[in-house]
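Report on one structure; see the data block that follows.
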Amino acid sequence: MGAMQDQTRESLRCSIYDGVLANMFATLTGGVFLTGFAVYLGMNEFTIGLLGAMPFLVTIFQLPAAYFIQNRGNRKKVSVRCSLAARTMWIPILVVALLPVASASIKIPIVLALVFLHYALGSASFVAWLSWMSDLVPDRMRGNFFGTRNMLAGAASMLVMVIFGTLLDGLRNLSSSGLPLGFSITFLAAVLFGVASIRFLRRVSEPAHTSPAVRIDFGGQLLLPVRDRNFRKFLGFTFFWSFSVYFA
C-alpha cells in the first residue's frame, strides 16, 4: 500500500510539471500570439475567425476517441502519442509559413490544414488524458490537486506571455525581419516546452483500465447520455451559454 501511495504521489507531482509546461506551450501557440501570426501571414477576417473556431470544431474527434479508449484502453499511450504529434506539428507550420517559397494564397490553406490537424490530435489526446486522470487522482484530493495544478499553470502562462510578448515587440521594432524571427523563436520555444511536458507525462502511472462487460456500438454510445433528462438540460444550457460568450 505504501509503495502504491508513493507511486501515486510521484505521478501527481509529474502531472503538475506536465501541466505547467503544456500550458506554456498552449499560451505561446494560441491567443494573441496565434492572432498576431495570422495577421502577419495576411489572413482576412474569415480565416482568422475560422482559426479561432478550430479548437471547438475539433471536439467532434473526442467522440470516436472516447469510444476507442473505452473498448481498447491504452489511455496513456493515446494521450502521449497524440500530444507529441500535436505539439511537434508546429514545426511544419512554421516552415510553411515563414519560408519564402510560396505566395500567401498557397501558404494560408496549408497552414490552416496543419493547425486543424494540430487541434484534432490535441482534442483526442485530451479525452484520453481526462479519463486517465479521473482514475489516477483520488476523490478526496481532486479539487486541491487540480486547483494547485491550474494555479501554477496559469502563473507560468502569464510569465511566458510577458517574456515572449516583449520579445516580439522588441524584434519588430528592431528591423523589418524582426517579426518573423520573433515568431520563429516563440513557436520553437513553445515546441520545446510542449515536448518537455511529454517527458513528465510519460512518468505518470496509468491505473488499470476495465473494459465494459457489455459492449455498446458507437451509435448506442452517442445516444446513451442524451437519454438522461438532466444531461439534456445541461447540454442545452452549455450550448446557449457558450454560443453567447464566443459570439460576443
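The values are calculated or read from the model by the stated rules, or taken from the named source; none is laboratory data. Note that the structure is a prediction, hence the values are computed from the model and not measured. Using ideal geometry, Cβ is built from the backbone for each residue, glycine included, and neighbour counts are taken over all protein chains shown. Protein only, heavy atoms only, side chains kept; ligands, DNA and RNA dropped before computing areas. Shrake-Rupley method; radii C 1.70, N 1.55, O 1.52, S 1.80 Å.
Of (1) -0.29, -0.70, -1.20; (2) -0.33, -0.73, -1.14; (3) -0.25, -0.58, -1.03, which one was derived for log10 I(q)/I(0) by the Debye sum over Cα atoms at q = 0.07, 0.11, 0.15 Å⁻¹ from the structure shown?
(1)
Could you please put S177, S105 in sequence from largest to smallest accessible area, using a 1.4 Å probe?
Details: S177 70, S105 90 Å².
If we order S177, S105 from most to least accessible, we get S105, S177.
What nm value, rounded to one decimal, do you get for the distance between N74 and F240 when each label is placed 7 Å out toward the C-beta?
Output for this residue pair reads 4.3 nm.
When Lys and Arg each count +1 and Asp and Glu each count -1, what net charge do the other residues less than 11 Å away from F200, Cβ to Cβ, add up to? Intermediate results must be reported in sequence, preceding the final value.
On the way: positive: R13, R199, R202, R203; negative: E10, D18.
Result for the neighbourhood of F200: +2.
Need one value: the accessible area of D139 in square angstrom, 1.4 angstrom probe, rounded to the nearest 10.
Result for D139: roughly 120 Å² accessible.
Using 0.36 nm per residue of separation minus the Cα-Cα distance, give me the extension gain between S103 and Q7 in nm, one decimal.
Numbers: separation 96, 0.36 × 96 = 34.56 nm, distance 5.27 nm.
Result: 29.3 nm gained on full extension.
Relative to the Cα centre, what is the charge dipole magnitude of the chain, using +1 at the beta carbon of each Lys and Arg, -1 at the beta carbon of each Asp and Glu, and rounding to the nearest 20 debye? The partial results should precede the final answer.
Details: 21 positive and 10 negative charges, 111 e Å.
The dipole of the chain has a size of about 540 debye.
Rank T8, V39, M54 by how far each Cα sits towards the positive end of the charge dipole of the range 1-123 (+1 on Lys, Arg Cβ; -1 on Asp, Glu Cβ) and give me just the farthest.
Farthest towards the positive end: T8.
If you take the Cα Rg of the range 1-115 and divide it by 2.2 N^0.38 Å, with N the number of residues, what do you get? Don't skip to the answer; put the middle values down first.
Numbers: Rg = 18.2 Å, N = 115, 2.2 N^0.38 = 13.4 Å.
The value comes to 1.37.
At 25 °C and 0.890 mPa s, grab the translational diffusion coefficient of the range 76-154 from Stokes-Einstein with a Kirkwood Rh over Cα pairs, rounded to a whole number in µm² per second.
166
In the chain, which whole DSSP H runs stretch at least 24 Å along their own axis (Cα) and average -0.5 or higher on the Kyte-Doolittle scale?
Values: long enough: 2-28 (40 Å, -0.02); 104-136 (47 Å, 1.38); 142-174 (47 Å, 0.71); 178-201 (34 Å, 1.81); 229-247 (27 Å, 0.33).
Span-like helices in the chain: 2-28, 104-136, 142-174, 178-201, 229-247.
For S177 paired with L159, estimate the spin-label separation in nm (one decimal), with each label point 7 Å from Cα along the Cα-to-Cβ line.
According to this spin-label approximation, the distance is 3.2 nm.
Using the Cα centre as the reference, give the magnitude of the dipole from point charges on the C-beta atoms of the range 145-248 (Lys, Arg: +1; Asp, Glu: -1; all else neutral), rounded to the nearest 20 debye.
Numbers: 10 positive and 4 negative charges, 65 e Å.
So the dipole magnitude of the range 145-248 works out to roughly 320 debye.
Taking all pairs of distinct Cα atoms, average 1/r, flip it, and tell me the Kirkwood hydrodynamic radius of the range 1-63 in Å to one decimal place. Numbers along the way, then the final one.
Numbers: mean 1/r = 0.0683 Å⁻¹.
Roughly 14.6 Å, rounded to one decimal.
Report, in debye and to the nearest 20, how large the dipole of the range 75-192 comes out about its Cα centre when Lys and Arg carry +1 and Asp and Glu carry -1 on their Cβ.
Details: 10 positive and 3 negative charges, 72 e Å.
Charge dipole, the range 75-192, about its Cα centre: 340 debye, nearest 20.
Let me know the shape class of the range 49-184, please: from the alpha-carbon gyration tensor, a ≥ b ≥ c as square roots of the eigenvalues, rounded when a/c is under 1.5, otherwise prolate if a/b is greater than b/c, or oblate.
On the way: a/c = 3.02, a/b = 1.50, b/c = 2.02.
Oblate.
What is the ratio of the Cα radius of gyration of the range 139-248 to 2.2 N^0.38 Å, with N the residue count, to two decimals?
Details: Rg = 22.1 Å, N = 110, 2.2 N^0.38 = 13.1 Å.
After normalising by residue count via 2.2 N^0.38 Å, the value is 1.68.
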